[in-house]
Amino acid sequence: MGSKIKQLLILLIFIPTAFIITSLIGINILPAFIIASVFGIYIWICYVILIITKVQYIGKRKIKPVLVLLIYFIGPLIVTFFYGVETAAVNYWTEKPAFIISSILGIFAYVWMCFNILIMIKSKFIEKNIEIRFLMTFHSTMSSIALFFGAAHGLWYTYLETSNDNQFYTGTIGLVIFIVLMALALFFMSNRLIRSKKIQKFRVSLYEKKFSYNFNKILHNLTIVAVFFIFVHTLLSYTAIESIIMSGVYFFFFILTLIGWVSHKVVRRLQIDSDPYIHRKGSWDSLLSEDLEESDKEWILKIMKQHPSLYVCIQCGTCTEGCPVAPMAKGRYNPRLLIEKILLGQKKMFEDDRDSNIWLCSTCQQCVEQCPQKIELTEIFVSIKNEWFEKGKSPEGLQLQAQMIFDHGMSIPYTAPILNRREQLGLSEIKFADSKEIQTIMKEAGLDLSKSEGGIEK
């Protein structure tokens, strides 16, 4: 049975069930049908959202992530329940349906805006139990949905002319801040939704003018200001003025969000280990602690222009976590640390360290596949290795290997004893590659090692 059929069956079963239950407890038929339909559709939408955001990435421990998602999706339903009880909204379905629906849209937008901040504060529980790829995709998707609900709520209320001036201004200011920050985040803090090379190059041109990813992170902190304006907007609403319970509910979500934000942005910075992604990294994956040289900004800009995706690296360590070489090397090879050195302009570190680090990359593309920001790490490492190889600053073993391939057509030439042994074992005769053809290819690639000094063309 297809997944779409299952979704449809769930929807069809839930609607009449909810209809019967609400009818039995004495709610009018029409409101009961509307409520049942709305909640049935809501469950279906939630399921579709989880499929879109690739819920299979929530992690190996399923129970805890599912608990987080349940709280996320049930939260606005609970607030809506309080709203219905305190304002007798159920009885108004036939009289003021537009007003009720608009209010519910506003409730969902406010609660989800608060939750979207909370799930990104790098709490130990979330960092240990939910994969960052799912978390960031889910955050982007639900932020967009919350913003859409908020805009629909505001436009609907304006059309109905039910809000006072103060409520209108606070809601509009909060919504505008969210829209601006969302646009900046889509363009300057992610590669997932913006794949255009022109836009990526535009970001690099702004990077040259000090408009870096970290600067956008600072601007993104204004989300708490936007939530504050929306919070004031809710307190000025009819439901908050008339009901102390609704005021308490709105206060609860704002205070909870504020505590989480302060804990992440202020308290964490006062701790000895302030790395926000500490729970995602291996014990040997530490931040750069060497004495830093003066930053080579021209070198950073050069790499940024070649690989614009680097702009949005968040140093989460997912690349190192999924790398098959990194755990074996125990820190000797660390993709995240290499990217950190690049972002800090530590060109000399790459020149001095020829025996490890970047030269241990196997170009398996595992880091690229797992990166939540879709950064082209392998291409970055290959371009840097090519740069050092052309300057004769590659490991000696690599230079000798290249020379062997140029001279013999293979990195490890067969010796007479090996060939004799193969003959004794009855193995088939080896067909050797045409070394002249290989030499022609290498020469056209700029590797004429017949004229080399130290393995590099001069």
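The values are calculated or read from the model by the stated rules, or taken from the named source; none is laboratory data. Remember, it's a predicted structure, so these values are computed and weren't measured experimentally. Please note: Cβ atoms are built from the backbone with ideal geometry, for glycine as well, and neighbour counts cover all protein chains shown.
Here are some notes:
- Selection of segment 229-247 for residues being of a type in the set (Ser, Thr, Tyr), buried (at least 20 other Cβ atoms within 10 Å of the Cβ) and assigned to a helix (DSSP H, G or I) yields Thr234, Thr239.
- Single residue of segment 333-349 satisfying the filter (hydrophobic (A, V, I, L, M, F, W, C) and modelled with pLDDT of 85 or more) that is farthest from Leu377 (Cα to Cα): Leu344
- Among the residues making up segment 312-337, those that are in a loop (DSSP other than H, G, I, E, B) and closer than 24 Å to Leu135 by Cα are Cys313, Ile314, Gln315, Cys316, Gly317, Cys323, Pro324, Asn334.
- Every pair of residues 6+ apart whose Cβ atoms lie under 7 Å, when the first sits in segment 157-175 and is in the same structural domain as Tyr110 (by TED's automatic domain parsing) and modelled with pLDDT of 90 or more while the second is surrounded by 14 or more Cβ atoms within 10 Å (Cβ to Cβ) and not in a helix (DSSP H, G or I): Thr170/Leu236
- Comparison of Phe187, Phe149, Phe138, Phe115 shows that the only residue that is more than 18 Å from Tyr72 (Cβ to Cβ) and among the aromatic types (Phe, Trp, Tyr) is Phe187.
- Residue within segment 434-450 that is within 30 Å of Ala185 (Cα to Cα) and either outside any strand (DSSP E or B) or modelled with pLDDT of 80 or more (or both) present: no
- Filtering segment 181-227 to residues that are of a type in the set (Ser, Thr, Tyr), closer than 22 Å to Thr137 by Cβ and loosely packed, with under 15 Cβ neighbours inside 10 Å leaves only Ser196.
- In this structure, Phe178 does satisfy being at pLDDT 90 or above and either crowded, with 21+ Cβ neighbours inside 10 Å or charged (D, E, K, R) (or both).
- Residue that is modelled with the highest pLDDT, among those in segment 350-366 that are in a helix (DSSP H, G or I) and more than 29 Å from the chain's Cα centre (by Cα): Glu351
- When we screen Leu419, Leu398, Leu427 for residues that are in a loop (DSSP other than H, G, I, E, B) and not basic (Lys, Arg), the only hit is Leu427.
- Test: residue in segment 130-153 that is part of a helix (DSSP H, G or I), at pLDDT 80 or above, among the charged types (D, E, K, R) and buried (at least 19 other Cβ atoms within 10 Å of the Cβ): yes
- The residues in segment 433-450 that are surrounded by fewer than 16 Cβ atoms within 10 Å (Cβ to Cβ) and in contact with a strand residue (DSSP E or B) (Cβ under 9 Å, 6 or more places away or on another chain) can be counted, and the count is 0.
- Some residue of segment 431-440 being at positive phi, touching a Gly at 6+ places or on another chain (Cβ under 8 Å) and either in contact (Cβ under 8 Å) with a residue 60 or more places away in the chain or of a type in the set (Phe, Trp, Tyr) (or both): no
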